[in-house]
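Values quoted throughout were computed directly from the atomic coordinates according to the rules given, and no laboratory measurement underlies them. Quick caveat, the model's predicted, so the values are computed rather than measured. Neighbour counts run over all protein chains shown; Cβ positions are idealised from the backbone, glycine included.
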Amino acid sequence: MAGLLKTEAVVLRSIRYGEADRILHLYTPHRGRVGAIAKGVRRARSRFGGRLEPFFRLRIELHEGRGELMTVTGAHTLDGYPRLRADARALDAAARACDAVGRLFETSEPHPAVFNLLCRALCLLDEQAGARGRGSARARAPALAFRLKLLLAAGLAPQLDGCASCGEREHLLGFSGAAGGVVCAACEAGSFPLSEEARVFMTGALARPLTEAPGAADAALGQVDRAISTTLEHHAHVRLMPAMGPLG
């Protein structure tokens, strides 16, 4: 239906289009993922300035016509996360977080909790940008906790308190993406090893706020990353970029 839409949004992606325009992928709390065109935004005197770049949180006005793309008619910055933009590792992590949201929640179905989770993740990256002494495991843990919470929001949270195949609560030795969670010794065919440390991390990450993500060793976090990936591939047919890039 044609009309004016006023909403908060996070810019997931911004793509050059034509001589002066940009195509935006936006994530909103009540309209899910939407596409929009910002006309003339790349001109030097554009009234939008640089606020339509990726990872900006905006109060945005969109005109909804009959086409697939809405048209940006106004935008006000709520948070530009400036420290994040000066830190290559944080910038890369933000790109991966936005990519995950865009791929997992690509429809117009509303998910306010996902929008709020993405905003919290960007705030956390902004707060921690430039911090010294952050090892790979310490940086990787919040990224994996974020992805686990996305699985929960998508209805794909893995079963962790008992074997996903038979319900056994002891001797949980592996993880099966096809089964949808941890598996016991009797059901481990086709699974990969999952340590108790990795299982405890996943349980804690799902139960705690993102800012209180538990820690774990690199080896355990590698297993968690694999568990998330296999779950998504089996049940959502989605393949995401690794949670952390080489800068991590």
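Assuming R0 = 35 Å, what is the FRET efficiency of S46 and A207, from their Cβ-Cβ distance, to the nearest 0.05?
With a Förster radius of 35 Å, E is 0.20.
Could you let me know the centre-to-centre spacing of the stretch 209-248 and the stretch 1-52, using Cα atoms, in angstrom?
30 Å
Have a look at L104, T203, A86 and report the one farthest towards the positive end of the charge dipole of the stretch 83-235, computed about the Cα centre with Cβ charges (Lys/Arg +1, Asp/Glu -1).
Checking the options against the dipole of the stretch 83-235, the answer is A86.
Only Lys, Arg, Asp and Glu count, each charged at its Cβ (+1, +1, -1, -1), so figure out the dipole size of the chain about its Cα centre, rounded to 20 debye.
It works out to roughly 1220 debye.
Looking at S46, V72, L24, which one has the Cα that reaches farthest to the positive end of the dipole of the stretch 3-79 (charges on Cβ: Lys, Arg +1; Asp, Glu -1)?
Comparing the listed Cα positions along the dipole, S46 ranks first.
How big is the dipole moment of the stretch 187-248 about its Cα centre under a simple scheme where the beta carbon of each Lys and Arg is +1, that of each Asp and Glu is -1, and everything else is neutral? Debye, nearest 20, please.
160 debye
Using the Kirkwood formula on the Cα atoms of the stretch 46-193, what hydrodynamic radius do you get, in angstrom to one decimal?
Taking the inverse mean of 1/r over all distinct Cα pairs, the stretch 46-193 comes out at 18.1 Å.
Using only alpha carbon pairs under 8 Å that are at least six residues apart, calculate the relative contact order of the chain and give it in whole percent.
Taking the mean separation of contacting Cα pairs over the length of the chain, I get 17 percent.
Given the DSSP H assignment, sum -39500 (n - 2.57) over each helix run of at least 4 residues in the chain and divide by its residue total; what's the result at 222 nm in deg cm²/dmol, nearest 500?
Helices in the chain give a 222 nm mean residue ellipticity of -11000 deg cm²/dmol.
Which order, highest average first, do 177-184, 50-57 follow once you tally other Cβ atoms within 10 Å for each residue and take the mean per peptide?
177-184, 50-57
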